[in-house]
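Quick notes on the structure that follows.
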Amino acid sequence: MAENRIDKDLRFYPPFYEQDGVIKRIFRIIDYRLVRLIVKVLGKQFISESDKKLLKEFNFDFEKEMKRIPPYQQAMIFGRLAGVLEPRQTASLGYADFYKFVSSEQVSQLTLTDQMRLGVAATKTYTYFKGLGDKMKKDVAEAILEEVASQYDNAQAEAERRVIQEAVMNGAVFNKKQTIKQIVSDIGHRTQIWEKDWLRIMETEMQNIFEEGTALSILDLHGEDALVYKTVFNGACSYCIRFFTTNGLGSRPKIFKLKELLANGTNVGRRQREWLPTVQATHPFCRCSLQYYNPMFDEWDEKLRMFVTSLMKEEERKVRRKSKIHIKVGTKEFDV
């Protein structure tokens, strides 16, 4: 798979095995692939001018590729929506409903606060993606270094390695096709690690911006003293179970003030023993989701293992509700 992608992108260059600067060209392709993914996920407003120049170099069609709202922004809008709807209402939605909602006139321009939060989060995600690109290029350089060094006598290998290292980083030329084939094979094995890193970044950062959107809606509607909890799903880790449940998986969730979780920031850069309950994902691949808790109407149902509102309290809530927001999400309509 890796070889096919490289060969496909090399159509923008002279013949691969016969030209100088092969390493630099591979690095350029890696940069392009990462920037292409970044712009399609985050949006073109979050890439640099040099990134845009690189995309144009590879004939990237902005008009064709950027027709839809980027997934990263969609995740924040969905989080915003989830912070307004009740959990059972959110659970009833499919992606088709949500996409119609995103494309409708109900979704106004992001507020200044939303734009600021989205910008900060996107910058962090952009940095993670770029870091993955640097790791990929380092792996490629090491693969080439190891293969070329193996061709030298053991007695000379260590001395030659330093020379090869310098040559690799300067875009040295290796004309032996067998060497290139071995390098591409090695890179193919490394792509499995890259894919895992990519999935980790994608899933975690999309969850983070979704949680940010939910928190912003709760903050707007109920203030920083709003009571919240996190839904912990089957298969959750021991940290999330300890942080967010009162007595293990399936038990009543712990209740926090929103400002407590916001004050805990993020667990990025912390050791596991230093982790704290946060608005964002507790750890990579975490799917625990933030929910608003209304102590006047939400009651814990031990059988269903979720908060519910009795019919009597539901009627009372309708009477107490000062104003209604009518939201149409695809084929479904809600009064909140």
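Worth pointing out:
- Which listed residue, of LYS56, LYS52, LYS100, is basic (Lys, Arg) and touching a Ser or Thr at 6+ places or on another chain (Cβ under 9 Å): LYS100
- Verdict on VAL41 being of a type outside the set (Asp, Glu), at pLDDT below 85, surrounded by 19 or more Cβ atoms within 10 Å (Cβ to Cβ) and in contact with a helix residue (DSSP H, G or I) (Cβ under 9 Å, 6 or more places away or on another chain): no
- Checked against (1) surrounded by 13 or more Cβ atoms within 10 Å (Cβ to Cβ); (2) of a type in the set (D, E, K, R); (3) modelled with pLDDT under 90, LYS259 passes all but condition (3).
- Members of segment 282-302 that are buried (at least 17 other Cβ atoms within 10 Å of the Cβ), touching a helix residue (DSSP H, G or I) at 6+ places or on another chain (Cβ under 9 Å) and either at positive phi or not in a loop (DSSP other than H, G, I, E, B) (or both): SER289, LEU290, GLN291, TYR292
- Residue ID - modelled with the lowest pLDDT, chosen from residues in segment 240-254 that are more than 21 Å from the chain's Cα centre (by Cα) and within 20 Å of GLN207 (Cβ to Cβ): LEU249
- Any hit, segment 106-125, residues being of a type in the set (Asp, Glu), assigned to a loop (DSSP other than H, G, I, E, B) and farther than 25 Å from ASP197 by Cβ: no
- Among residues of segment 24-37, those that are among the hydrophobic types (A, V, I, L, M, F, W, C) and either touching a Gly at 6+ places or on another chain (Cβ under 7 Å) or over 17 Å from LYS137 (Cα atoms) (or both), counted: 2
- Among residues of segment 194-214 that are closer than 19 Å to LEU81 by Cα, those with a Cβ under 6 angstrom from a residue that is in a helix (DSSP H, G or I) and of a type in the set (D, E, K, R), sequence gap 6+ or separate chain, pair up as GLU212/ARG117; GLY213/ARG80.
- Meets criteria (in contact with a Gly (Cβ under 6 Å, 6 or more places away or on another chain) and modelled with pLDDT of 80 or more) for LYS138: no
- The set of residues in segment 232-253 being surrounded by fewer than 16 Cβ atoms within 10 Å (Cβ to Cβ) and not hydrophobic (A, V, I, L, M, F, W, C) consists of ASN234, GLY235, SER238, ARG242, THR246, ASN247, GLY248, GLY250, SER251, ARG252.
- In segment 207-219, residue surrounded by the fewest Cβ atoms within 10 Å (Cβ to Cβ) [restricted to those that are under 19 Å from MET116 (Cβ atoms) and out of contact with any Gly (no Cβ under 8 Å at 6 or more places or on another chain)]: LEU219
- Pairs are defined by a Cβ separation below 7 Å, a sequence spacing of at least 6 or placement on different chains, a first member in segment 249-276 that is over 12 Å from LEU227 (Cα atoms), and a second member that is assigned to a loop (DSSP other than H, G, I, E, B) and of a type in the set (Gly, Ala, Ser); the pairs so defined are LEU249/ALA236.
- Residue count for segment 294-336 satisfying the condition of being at pLDDT 80 or above, under 23 Å from SER251 (Cα atoms) and not charged (D, E, K, R): 9.
- Unique match (being within 24 Å of LYS124 (Cα to Cα) and either among the charged types (D, E, K, R) or at pLDDT 90 or above (or both)) among ASP31, ASP20, ASP7: ASP31
The values are calculated or read from the model by the stated rules, or taken from the named source; none is laboratory data. As the structure is a computational prediction, the values presented were derived from the model and not from experiment. Backbone-built Cβ (ideal geometry, glycine too); neighbour counts: all protein chains shown.
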